[in-house]
Amino acid sequence: MAVLQQGLDLFDDVSGAFGDLSDNGRSSGIAEAKARLLETDAEGDAKDIRRRAVKDAAELREEREKGRAGRNTRWGGSNLAMSGSKALVRDAGRIKDTEDEEDTLFEGEMNAQSALRDARTRANMLRINGGGTGDRSILSLGSSIYGRD
């Protein structure tokens, strides 16, 4: 976040050096630049969240596989055949472990999407407060696309 603030301060300094822009245009341009920096920062955060979720899922998988391998070794060392309900329990445990791994990845993706949505909302507020308009879908633009406001 400190890097983002430094970028915003630098942009303010550079854009302040140019006096040829009108105050309204300058304000809108600064707001747009700040909004884009905010969105770019959020994209980086979302990548970090996704990367962390993949790492957590891999650690979970490794931990569960080690536990399962130990149980299988103990079972095999007893010279008993793995069949019937014991085999079903083992297979159900493997399926549950896979589901837990997928849940970890899904939760990471949802957190990344939430971070992106929050940043977009804040960026649009910056744009609107700066005299511009927020990013809108084509559908919401309606007749303004054809020059009929």
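Annotations for the structure displayed:
- Within region 44-61, the set of residues being of a type in the set (Asp, Glu) and touching a helix residue (DSSP H, G or I) at 6+ places or on another chain (Cβ under 8 Å) comprises Asp45, Asp56.
- Residue within region 121-139 that is over 30 Å from Ala35 (Cα atoms), at pLDDT below 85 and of a type outside the set (A, V, I, L, M, F, W, C) present: no
- Only residues that are among the aliphatic types (A, V, I, L, M) and closer than 19 Å to Glu107 by Cα were counted in region 32-70, giving 8.
- Residue list for region 29-53, filter: acidic (Asp, Glu) and either over 10 Å from the mean Cα position of the chain (by Cα) or surrounded by fewer than 16 Cβ atoms within 10 Å (Cβ to Cβ) (or both): Glu32, Glu39, Asp41, Glu43, Asp48
The values are calculated or read from the model by the stated rules, or taken from the named source; none is laboratory data. Keep in mind the model is a prediction, meaning the values are calculated, not measured. A quick note on method: Cβ atoms are made from the backbone with ideal geometry, for glycine too, and the neighbour counts reach across all protein chains shown.
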